[in-house]
Amino acid sequence: MQQSAKNYHIAVLGAGISGVTLLLEGLKQQLWKDKSILLIGDSLANTSNKRISFWSGTEDLVPEFPHLKWNKLAVVSNEGSKIPLQLDEYAYYSFDAAAYRQHALAELSQYNNVTIIEAKVKHVEQDDTHCEIHTDRGRFVADYVFQTVYQKPVLKPKSLYFLQHFTGWKIRTEQVFWQNDEAIMMDYRTTQEHGTSFIYALPASQHEIFVEYTIFSQTLIAREEYAEKLDLYLREVCGVTEYEILEEEYGVIPMTDHHFKRRDGRVVFLGSAGGDTRGSTGYTFTNVKRTIAQILRSFKNGTWPNLNFPQQHKEQFYDAILLHVLAQGKYPGHALFADLFRKARASHVFQFLDGQSNFQNDLRIMLSLRTWPFIVGMLRTLRLMIIKR
């Protein structure tokens, strides 16, 4: 490979949340103050609305950026019963991802050792000494690449691939209809005809609330149908007849049992591209933060580039089972998640879903659900693991 272009120490491909957070935290910790850094994004001015929401038992995972926080959280079943969640040390958080991204890009632009380029990456080549990044604006060279741009993987036979797709509205209404100190993580009072679906409701004040219609399924629906479901929920469930839509977002998140490659030589994959999206829930941000922490610790301790990322075999196994149960449809998703939060403490569920629990907690969670669908799913997953070997 030719090496006439400027050689950067680090290149980050993709200026989304994963990429800008990695750079911002590495630079703020002064780990890369002597490194030349390249950030390539294909739409730097894109400010499409999007919220990132997550649970956390520590403030360490929360960005230093304006965010909302709730210490009261609930799930509502399809039949309408409200399940208050026992959070213990956990809280629920949400922040404006588009605003955070623009804030991060503005901060990164103040560092003299950071070059930010708007370009579309075509492909990356590498050898034992460096990587070549080919874009529509030319060729760039870096010692190491962090790839955050997601591409649907080539799936193995019988692999499962679901989509978590959604439309969200931030609305304002003069009607006071919600206690703004409580968020609803999942409200299953939806028709369920397209797959597991629920409403997500995050109040910002007495008069402003963010509502999102979310579906777990293998196919998308028409864009206008999301709006119909949100309007139906506001009118029939919440009794809100007059409202103004302040912001709107749309997104699609992969949920799969595919085992993503974390590293390929000098290229490290981060975010959904590296498997940070939990296959059973679609939650990504806290996993991204944990992966970033591992990367930065390795730079701080001098163990980079020999960092070996811990395997997630147990979590991938559980995700594959749950996706199989959802795919079979014999244990409807709305019933599964309602049972999960009705019969177990939310803090224990969060530990399980974060891959931070021990076997005793795992067993406690699994015993809170209908046993037979999960036994079938487990046997199916074990059989496929043996075949793939």
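The values are calculated or read from the model by the stated rules, or taken from the named source; none is laboratory data. Everything quoted here is computed from the prediction, not taken from an experiment. Cβ atoms come from the backbone with ideal geometry, glycine included; neighbour counts cover every protein chain shown. We work out accessible area using only protein heavy atoms, side chains counted, and drop any ligands, DNA or RNA first. Shrake-Rupley method; radii C 1.70, N 1.55, O 1.52, S 1.80 Å.
Structure above, values below:
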quantity	calculated
Rounded accessible area per residue of the range 315-389, 1.4 Å, Å²	50 Å²
Calculated diffusion of the range 22-107, Stokes-Einstein form, Kirkwood radius summed over Cα pairs, 37 °C and 0.692 mPa s, µm²/s	208 µm²/s
Mean-position separation - Cα centroids, the range 241-301 and the range 109-158, in angstrom	17 Å
For V76, distant residues with modelled amide H under 5 Å away	I83, M186, D187, Y188
Helix 285-301 axis, angle to the chain major axis (alpha carbon atoms, nearest 10°)	30 degrees
Cα Rg over Rh - the range 249-373, Kirkwood	1.01
Karplus (6.51, -1.76, 1.60) ³J(HN,Hα), θ = phi - 60°, over the range 306-315, in Hz, Gly and Pro reported as x	8, 5, 9, 6, x, 6, 10, 4, 4, 5
The range 68-114 - percent of accessible surface contributed by carbon and sulfur, probe 1.4 Å	46 percent
The chain: calculated mean residue ellipticity at 222 nm from DSSP helix runs of at least 4, using -39500 (n - 2.57)	-9000 deg cm²/dmol
Spherically averaged projected area of the range 228-273 from its Cα convex hull (nm²)	5.8 nm²
Relative contact order of the range 272-389, defined on C-alpha pairs under 8 angstrom at six or more residues apart (%)	25 percent
Karplus (6.51, -1.76, 1.60) ³J(HN,Hα), θ = phi - 60°, over the range 360-374, in Hz, Gly and Pro reported as x	4, 5, 4, 5, 4, 5, 5, 6, 7, 10, 4, 6, 4, x, 7
For the range 2-135: accessible area per residue (Å², 1.4 Å)	46 Å²
Exposed GluC sites (Glu not before Pro) absent: longest stretch of the chain, with sites in DSSP loops and at most 16 other Cβ within 10 Å deemed exposed	243-389
Share of carbon and sulfur in the accessible heavy-atom surface of the range 255-389 [1.4 Å probe, %]	55 percent
On Cα atoms only, tilt of 333-343 relative to the major axis of the chain in degrees	80 degrees
Contour minus Cα-Cα distance for D88 and Q218 (0.36 nm per residue)	43.4 nm
Long-range HN-HN contacts of L31 with modeled amide H, under 5 Å	none
Acute angle (nearest 10 degrees) that the helix 97-108 long axis makes with the longest principal axis of the chain, alpha-carbon atoms	20 degrees
Max mean-square fluctuation residue, GNM over the chain, Cα-Cα springs under 10 Å, options I215, I83, I199	I83
For the range 183-197, 3J(HN,Hα) per residue [Karplus equation, 6.51 cos²θ - 1.76 cosθ + 1.60, θ = phi - 60°, Hz, x = Gly/Pro]	10, 10, 6, 8, 10, 8, 7, 10, 7, 6, 6, 9, x, 5, 9
Cα-based Rg and Dmax for the chain, where Dmax is the largest Cα-Cα distance (Å)	21.7, 65
Portion, in percent, of the accessible area of the range 171-213 that falls on carbon or sulfur, probe 1.4 Å	45 percent
Separation of the E244 and D34 label points, Cα + 7 Å toward Cβ, nm	5.5 nm
